[in-house]
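Have a look at the structure below before the remarks.
The values are calculated or read from the model by the stated rules, or taken from the named source; none is laboratory data. These numbers were taken from a predicted model, which means no experiment stands behind them. Please note: Cβ atoms are built from the backbone with ideal geometry, for glycine as well, and neighbour counts cover all protein chains shown.
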Amino acid sequence: MPVANGSERQKVDAAYAATVGRAAYLWGWPLVNMHNRRVFMEQLPEPGLLAGIVPAAPPGRIGMLHDYIRPEERVVACPNQDVAYGFGTLDARRGPTVVQVPDFGERFWVYQVVDQRTDSFVELGAMYDTAPGHYLLAPETWEGEVPDGIAGVFRYDTHVAVAIPRVFLDDTDEDRAAVLPLVNQICAYPLDEYDGTTKTVDWTDVPSFGAEGSTDGEAETHWVDPHVFFDALGEVLDEVPPLPGEQALYDWVRPVLDAATRDETVASALRQAALDADQTVRELFEFRNYGLPVAHHWTTQTTGAAFGTDYLMRTAVGKSNIFVNTANETTYFYQDLDASGQRLDGRRAYTVRFDAGLLPPVRGFWSLTVYNRHHFFHPNELDRYSLGTKNQHLTYGDDGSLTLTVGGDAPAGSAELANWLPAPADEFTLYLRCYWPERLVLDGAWTPPAVTPA
């Protein structure tokens with residue numbers, strides 16, 4: 001077996017390259033995903049909307065929505081319809097970025113900011129009692145002076161990072177009007193534009209950019225192509241420094257990448273290894289194939305945005321629902337199966353009953369969302385994709401219980417219709433979010449009820 005030595009070219013055969021290649025693909029998939037998103041965003045001239053619906057911006061800035069994201073979105077799988085979203089990338093080569101935090105009052109909010117490993121490196125949100133002000137997102141290598149008026153500095157050590165503000169929004173016209181002046185104060189810009197003042201942006205009037213793949217097709221935009229994965233991995237290894245203990249992994253992969261530049265049989269073996277490993281990644285897309293099992297066939301995970309060396313979970317989450325929050329910010333429960341273990345199918349109806357006093361225990365909000373088999377919204381006449389805290393007119397039982405119905409035909413009664421989630425006449429997935437969960441959720445003492453065929 002070859003021994004890694006960066007100073008010498010080593011002999012690497014196709015079989016060895018294939019073995020290393022499969023492991024490298026499963027390990028590096030999220031890093032390449034983030035790399036490619038940054039490359040894509042570099043094409044944008046200014047903050048705006050992709051195809052008129054998806055917030056986006058060139059590196060160092062963010063775009064914002066002022067309402068829920070639309071079901072046509074295909075840039076990020078498993079979006080929610082409980083918040084006004086923002087999205088932007090950071091590029092360490094461009095230096096620090098300033099982000100503004102307005103005074104949200106009692107409204108739930110959180111800014112998720114993750115490095116190229118999709119690990120969080122900030123604490124900005126209601127659960128942290130963050131004060132309004134200006135905050136700096138700076139590369140670790142930046143040695144400049146922090147100006148007066150900056151309330152806090154958060155540093156990242158990778159080339160790429162992603163910032164995603166989330167601001168809770170009731171499903172009412174009144175709350176849409178109330179949230180607008182707040183989201184108009186959410187923006188990001190390079191440090192050299194900082195002057196201590198609060199800048200505003202009218203996010204109802206921003207340019208729209210045509211973007212192939214942002215709304216087309218049924219599945220998520222194809223951010224990682226296994227055919228060219230290893231063409232980018234060498235650059236990505238330079239962008240993401242090894243974590244403690246990872247240097248040996250880097251030394252394991254680099255000689256194989258180097259050999260592929262000189263030997264077409266090795267390059268071919270790597271391409272085939274990527275295709276083979278991509279099948280495993282596709283299997284990890286299904287929630288029932290990974291995670292921590294809890295009651296009634298639900299699964300969850302506890303290392304989101306704090307993956308460290310939990311590589312398989314990092315890739316599984318990256319494929320199925322990238323950009324999850326840390327567990328203390330949001331706990332997620334995933335469901336592909338009914339109470340008997342059968343695949344959920346929207347041609348029949350199901351009930352999810354929360355007994356009195358057993359709604360998801362959260363300090364922020366909770367919601368139950370329906371996704372189609374591609375983990376996106378299913379367009380429907382009600383324009384309804386989730387139910388939960390945001391809904392003011394849910395119907396409770398006389399005993400204080402709440403029963404939601406999912407799939408099947410629309411109920412005839414108005415009370416039943418208020419509690420109904422449309423589902424595609426096909427396989428679908430349920431996804432329960434607990435934003436700012438109570439300790440009962442974090443400790444596993446509370447888990448969702450069964451999804452029972454009606």
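Is there a residue being closer than 28 Å to Arg107 by Cα, in the same structural domain as Gly291 (by TED's automatic domain parsing), in a loop (DSSP other than H, G, I, E, B) and of a type in the set (Val, Ile, Thr) anywhere in region 432-444? Steps first, answer last, please.
First, pick out the residues of region 432-444 that are closer than 28 Å to Arg107 by Cα: 432-444.
From what's left, in the same structural domain as Gly291 (by TED's automatic domain parsing): 432-444.
Still in the running and in a loop (DSSP other than H, G, I, E, B): 438, 443-444.
Going one step further and asking which of them are of a type in the set (Val, Ile, Thr), we end up with none.
No: zero hits.
Under 8 Å by Cβ, and 6 or more places apart or on different chains, what pairs join a residue from region 301-319 that is of a type in the set (Lys, Arg) with one that is at pLDDT 95 or above and assigned to a helix (DSSP H, G or I)?
Every condition considered, the pairs that remain are Arg314/Pro30; Lys319/Trp29; Lys319/Val281; Lys319/Arg282; Lys319/Leu284.
Output the number of residues of region 36-56 satisfying the condition of being touching a Leu at 6+ places or on another chain (Cβ under 7 Å) and under 16 Å from Trp223 (Cβ atoms). Spell out the reasoning first.
Narrowing region 36-56 to residues touching a Leu at 6+ places or on another chain (Cβ under 7 Å): 55-56.
Those left that are additionally under 16 Å from Trp223 (Cβ atoms): 56.
Residues flagged as touching a Leu at 6+ places or on another chain (Cβ under 7 Å) and under 16 Å from Trp223 (Cβ atoms) within region 36-56 amount to 1.
Whether any residue in region 444-454 is closer than 21 Å to Ile69 by Cα and within 22 Å of the chain's Cα centre (by Cα) is what I want to check. Lay out the reasoning, then the answer.
Residues of region 444-454 that are closer than 21 Å to Ile69 by Cα, as a first pass: none.
No, every residue in region 444-454 fails to be closer than 21 Å to Ile69 by Cα and within 22 Å of the chain's Cα centre (by Cα).
Is region 321-340 home to any residue that is aromatic (Phe, Trp, Tyr), part of a loop (DSSP other than H, G, I, E, B) and in contact with a strand residue (DSSP E or B) (Cβ under 8 Å, 6 or more places away or on another chain)? Give the steps one after another, and end with the answer.
Pass one, region 321-340, residues aromatic (Phe, Trp, Tyr): 323, 332-334.
Within this subset, residues satisfying the condition of being part of a loop (DSSP other than H, G, I, E, B) are 323.
This time we only want the ones that are in contact with a strand residue (DSSP E or B) (Cβ under 8 Å, 6 or more places away or on another chain), so: 323.
Checked against the condition, which is being aromatic (Phe, Trp, Tyr), part of a loop (DSSP other than H, G, I, E, B) and in contact with a strand residue (DSSP E or B) (Cβ under 8 Å, 6 or more places away or on another chain), region 321-340 yields at least one hit.
Cβ-Cβ distance below 7 Å, separation of 6 or more or different chains: which pairs start in region 172-191 with a residue that is in contact (Cβ under 8 Å) with a residue 40 or more places away in the chain and closer than 13 Å to Val83 by Cα and end on one that is loosely packed, with under 15 Cβ neighbours inside 10 Å and not β-branched (Val, Ile, Thr)?
Between residues of region 172-191 that are in contact (Cβ under 8 Å) with a residue 40 or more places away in the chain and closer than 13 Å to Val83 by Cα and residues that are loosely packed, with under 15 Cβ neighbours inside 10 Å and not β-branched (Val, Ile, Thr), the close pairs are Thr172/Gln392.
Got at least one residue in region 204-216 being at positive phi, in a loop (DSSP other than H, G, I, E, B) and surrounded by 13 or more Cβ atoms within 10 Å (Cβ to Cβ)? Break it down stepwise before answering.
The initial filter retains those residues of region 204-216 that are at positive phi, namely 213.
From what is left, the residues that are in a loop (DSSP other than H, G, I, E, B) are 213.
Now narrow it down to the ones that are surrounded by 13 or more Cβ atoms within 10 Å (Cβ to Cβ): 213.
Yes: one or more hits.
Is there any pair with a first residue in region 62-86 that is without any contact (Cβ under 8 Å) to a residue 40 or more places away in the chain and a second that is outside any loop (DSSP other than H, G, I, E, B) whose Cβ atoms are under 8 Å apart and which are 6 or more apart or on different chains, and what are they?
Ile69/Val54; Ile69/Tyr85
Tell me which of these Ser367 doesn't satisfy, since it passes every other one: (1) of a type in the set (S, T, N, Q); (2) over 20 Å from the mean Cα position of the chain (by Cα); (3) part of a strand (DSSP E or B).
(2)
All but one of (1) modelled with pLDDT of 95 or more; (2) within 23 Å of the chain's Cα centre (by Cα) hold for Phe230; state the number of the condition that does not hold.
Checking Phe230 against (1) modelled with pLDDT of 95 or more; (2) within 23 Å of the chain's Cα centre (by Cα), the one that fails is (2).
Restrict the check to region 292-301 and report whether at least one residue is under 14 Å from Ala24 (Cα atoms), at pLDDT 95 or above and outside any loop (DSSP other than H, G, I, E, B).
Of region 292-301, the ones under 14 Å from Ala24 (Cα atoms) are none.
The answer is no, given that none of the residues of region 292-301 is under 14 Å from Ala24 (Cα atoms), at pLDDT 95 or above and outside any loop (DSSP other than H, G, I, E, B).
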